[in-house]
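Okay, so here's the structure we're looking at.
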Amino acid sequence: VEAGARFVTLNTDSSSNMWDHHGDLKKGFDRQLPAYDRMLATLLDDLVDRGLYDRVLVVVCGEFGRTPRMNERGGRDHWGRAGFALLGGGGVRGGQIVGATTSHGEEPASQPVTPADLLATLYNLLGVDPSHAFTDRNGRPIPVLSEGRPITELIS
């Protein structure tokens, strides 16, 4: 980041796909979460210590949520109705919780946020107008994002 990298991906186990815990969730999390917690905390501490936190957008999310109940293999399966994202630095107003799920995490209970809303927020924070359209070779407009609105509570 100090050398000018625009994107950095952190992954504790990029080759084995071990975050996809369809079985034995406890064993997998006992092994992976401590390392991930240290990695993320160290990144955030380093960004703050080096004066980079306000310039670097940190995003922690997956492409979907997980089933509210454990399956018969002691894991959780893919669940598109509810998920999470953690954002920090890079223009994000900290300390905000936006939206809530039902008590068992089954679906949104208040202020639903869509993946398109998250993308619109990220584009906005990165200085990209999510409503902008590019023109293709045939003169047709291609929108940066065809739906979604920035999550205004998160933008400082």
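Percent of accessible area on the chain owned by carbon and sulfur, 1.4 Å probe?
53 percent
Could you give each residue of the stretch 135-147 its phi-based ³J(HN,Hα) in whole Hz, using Karplus coefficients 6.51, -1.76, 1.60 with θ = phi - 60°, and x for Gly or Pro?
9, 7, 4, 9, x, 8, x, 10, x, 4, 8, 7, 8
For the stretch 36-117, what is the convex hull (Cα atoms) projected area averaged across all directions, in square nanometres?
Hull-based average projected area comes out at 6.6 nm².
With mean projected area of the Cα convex hull in nm² as the read-out, I listed (i) 16.6; (ii) 9.5; (iii) 12.0; which label goes with the value calculated from this structure?
Read-out taken from this structure: (iii).
Given labels modelled 7 Å from the Cα in the Cβ direction, how far is it in nm from L10 to A35?
1.4 nm
If the stretch 115-154 were replaced by its equivalent ellipsoid, with semi-axes equal to the square roots of 5 times the Cα gyration tensor eigenvalues, what would those be, largest first, whole Å?
22, 9, 6
Calculate, in nm to one decimal, what T114 and K26 gain on full extension: separation in residues at 0.36 nm each, minus their alpha carbon distance.
My answer for the length gained is 28.8 nm.
Tabulate in residue order the Karplus-calculated ³J(HN,Hα) for the stretch 78-94, using 6.51 cos²θ - 1.76 cosθ + 1.60 with θ = phi - 60°, rounded to whole Hz; enter x for Gly and Pro.
5, 8, x, 7, 8, x, 8, 8, 10, 10, x, x, x, x, 7, 6, x
Report the extension gain between M70 and D136 in nm, rounded to one decimal, defined as 0.36 nm multiplied by the number of residues separating them, less their alpha carbon distance.
19.1 nm
Quick check for you: with a 1.4 Å probe and neighbouring chains kept, what is the accessible area per residue of the chain, in Å²?
70 Å²
The values are calculated or read from the model by the stated rules, or taken from the named source; none is laboratory data. On a predicted model such as this, the values are computed, not experimentally measured, just so you know. Note that we place each Cβ from the backbone using ideal geometry, even for glycine, and neighbour counts take in every protein chain shown. Heavy atoms of the whole protein, side chains included, go into the accessibility calculation; ligands, DNA and RNA do not. Shrake-Rupley method; radii C 1.70, N 1.55, O 1.52, S 1.80 Å.
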